[in-house]
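Only the coordinates and a few stated rules stand behind these numbers; no lab work does. Just so we're clear, the structure is a prediction, and the values are computed from it rather than from any experiment. Here the Cβ positions follow ideal geometry from the backbone for every residue, glycine too, while neighbour counts run over all protein chains shown.
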Amino acid sequence: MNRRYRKTIIAGNWKMNKTASETKQFAEDLKAILPKGKWCEVVVCVPFVNIPAALRAFKDMRVAVGAENLYYEPKGAYTGEVSAEMLKDLGVKYVIVGHSERRQYFGETDITVNKKVHAALEAGLHPIICVGETLEQREMGITMDLINLQVKSAFSGVPADKARKCVVAYEPVWAIGTGKTATAEQAAEVCTAIRTAIRSLYGARVARSITIQYGGSMNPKNAFELLSQPDVDGGLIGGAALKADQFVDIINAANQE
Ligand code: PGA
């Protein structure tokens, strides 16, 4: 990470876990042990229905609330969907876009990811754009080409002043929820390639200001080493973010770096 140029962001991605009451309980547990230091931004991305409970519970803590998805149309006949404006109006700050589980199970593509990035930015939200390769793609040796394509299509048509509001999360699909973490070298290599792709689109100033996270089985044991890499500016954390003590251990690792 490099605190001089960009924010360090530790974000939890709860996925389809916890009820509203469990959200409240988590916030109480977290409050008791959350460090007071100001180094990194802490974000908790929760299921849509838990957002009001999360906003209430985290209100007097330095914890921002994020959503895990949104729909790109502003309003209309899209039964079951949630717009960027609805999230913004509640007080949501971040929204995860293009998580590999959404790409894999819900048909998201680079095209819909790009539309969602535009919708989020239009509403004043900070998208956390997820990119990453599968094991097959890594073994085929096309990781860098693929990441380049995912980054460039996600940012397509996004002007520089808005691009600065985005966060990118490198999440190798083979490392998500598997307990298999990318080595610090693998994470560093791809995160650096992401910054290079952003530099080619917007120049050095914007590229160095964007937070790039690593995600995929990040835990209290491996967090420090991953976060020590110069282009790894935070984490997007699934499993380990569901337990307040583990989440805090990762926040402490980020504060230590
Ligand atoms: P994991 O999930 O930490 O459980 O691997 C990360 C993510 O999918 O964002």
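The table below gives the values:
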| item | result |
| --- | --- |
| Dimensionless Rg/Rh of the range 126-198 - Kirkwood Rh, Rg from C-alpha atoms | 0.98 |
| Contour minus Cα-Cα distance for Arg208 and Lys7 (0.36 nm per residue) | 71.3 nm |
| Volume of the Cα convex hull of the range 84-126, divided per residue and given in Å³ | 64 |
| Alpha-carbon centroid distance for the pair the range 187-257 / the range 56-131, whole angstrom | 20 |
| Modelled FRET efficiency - R0 35 Å, Lys165 with Glu189, Cβ distances, 0.05 increments | 0.85 |
| Viscosity 1.002 mPa s, 20 °C: Kirkwood-radius Stokes-Einstein D of the range 2-152 over Cα pairs, µm²/s | 128 |
| Among the listed pairs Lys7/Lys116; Lys18/Lys243; Lys93/Lys221, those beyond 20 Å (Cα-Cα) | Lys7/Lys116; Lys93/Lys221 |
| Kirkwood estimate for the range 9-256, i.e. one over the average of 1/r between Cα atoms, Å | 17.9 |
| Integer Hz, Karplus 6.51/-1.76/1.60 couplings in order for the range 84-90, x for Gly and Pro | 4, 5, 4, 5, 4, 4, 6 |
| Descending principal axes extents, the range 132-257, alpha-carbon based, whole Å | 40, 33, 22 |
| Measure of compaction for the range 15-90 (Cα Rg per 2.2 N^0.38 Å) | 1.22 |
